[in-house]
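Here the structure is laid out as structure tokens; the discussion comes afterwards.
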Amino acid sequence: AKRFAESMTMAYHRYHGVETRIVRIFNTYGPRMRLEDGRALPAFMGQGLRGEDLTVFGDGTQTRSFCYVDDLVGGIYRLLCSEETYPVNLGNPDEITLLELAHRILGVTGSKSRIVYRPLPEDDPKVRRPDIGKAKRLLGWEPRVCLDEGLQRVLPYFRSKVA
């Protein structure tokens, strides 16, 4: 569906001459996320804050990269102000394993929860890391909020949702 939307946007741009922008968003997190949306970061936060076991699928070695929402919004704004009509990846290229993410969330929440392992779903990607070279080059953009700082920023929000 995402590739179809990109293709339709480019077709509309070329045929009708409409000004368009295409952003490819990678694993963004921040306040107002739903705890039960199926993504690792809010799931781990909710589980840790409730004192439940953190569920890691597979062996936890699959990687993800997490971009704090403020950084993403800044990148989208720069893209909107640019003349670029082709897709631009916005995300954080710093990879972390899901097992390491679980450990960091245990640390930031102060939870005594354990990590439990479940079978890896067939469609779970092994690596999820954006190439943001184009965003750096064309927009002068790269994320500034590191994961540890971002986790500290979202902790009060998740605490309020669990309370």
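The values are calculated or read from the model by the stated rules, or taken from the named source; none is laboratory data. Everything numeric here is computed off the predicted structure, so don't read it as measured data. Ideal geometry is used to build each Cβ from the backbone, glycine not excepted, and the neighbour counts take in all protein chains shown. Please note that ligands, DNA and RNA were not included when accessible areas were found on the heavy atoms of the full protein model with its side chains. Shrake-Rupley method; radii C 1.70, N 1.55, O 1.52, S 1.80 Å.
Would you mind getting me the FRET efficiency between residue 13 and residue 95? Use the beta-carbon distance for r and R0 = 25 Å, nearest 0.05.
Values: r = 32 Å, r/R0 = 1.30.
E between residue 13 and residue 95, to the nearest 0.05, is 0.15.
Give me the percent of DSSP beta bridges within the chain that run antiparallel, rounded to the nearest 5. Walk me through the numbers before you get to the answer.
Working: 3 of 12 bridges.
If we restrict to bridges inside the chain, about 25 percent are antiparallel.
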_0 to 90° range, to nearest 10: angle between helix 98-109 axis and the chain longest Cα axis_ = 70
*Heads up, I need the accessible area for residue 157: 1.4 angstrom probe, whole protein in place, Å², nearest 10.*
50
_For the chain, take the longest principal axis of its alpha carbons; what is the angle in degrees between that and the long axis of helix 2-16, to the nearest 10 within 0 to 90?_
20
*Return the distance in nm (one decimal) between the two label points of a simple spin-label model at residue 162 and residue 112, each offset 7 Å from Cα along Cα→Cβ.*
1.4
*May I ask you to give the percent of accessible area on the chain that is carbon plus sulfur, with a probe radius of 1.4 Å?*
52
*Given +1 on the Cβ of Lys and Arg, -1 on the Cβ of Asp and Glu, and no further charges, what dipole in debye does the chain carry about its Cα centre, rounded to the nearest 20?*
220
*Please find the FRET efficiency linking residue 59 to residue 37, where r is the Cβ-Cβ separation and R0 is fixed at 30 Å, and quote it to the nearest 0.05.*
0.80
*Could you pull the accessible area for residue 45 with a 1.4 Å probe, rounded to 10 Å²?*
0
*Hey, got the Cα dimensions of the chain along the principal axes, in Å, largest first?*
56, 33, 26
_Compute the angle between helix 147-162 and the longest alpha-carbon principal axis of the chain, please, reported from 0 to 90 degrees and rounded to the nearest 10._
70
_How much length would be gained if the chain were fully extended between residue 1 and residue 126, taking 0.36 nm per residue of separation minus their Cα-Cα distance, in nm to one decimal?_
42.9 nm
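I'd like to check one number: the per residue accessible area of the chain, probe 1.4 Å, reported in Å² as a whole number.
59
Got the relative contact order for the chain handy, in percent, Cα pairs under 8 Å and 6 or more residues apart? Can you show the working numbers first?
Values: 258 pairs, mean separation 52.4, N = 163.
Relative contact order of the chain: 32 percent.
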*asked:* For residue 49, what accessible surface area do you get with a 1.4 Å probe? Give it in Å², rounded to 10.
replied: 40
*Pairwise FRET efficiency - residue 83 versus residue 149, Cβ, R0 = 41 Å, nearest 0.05*: 0.80
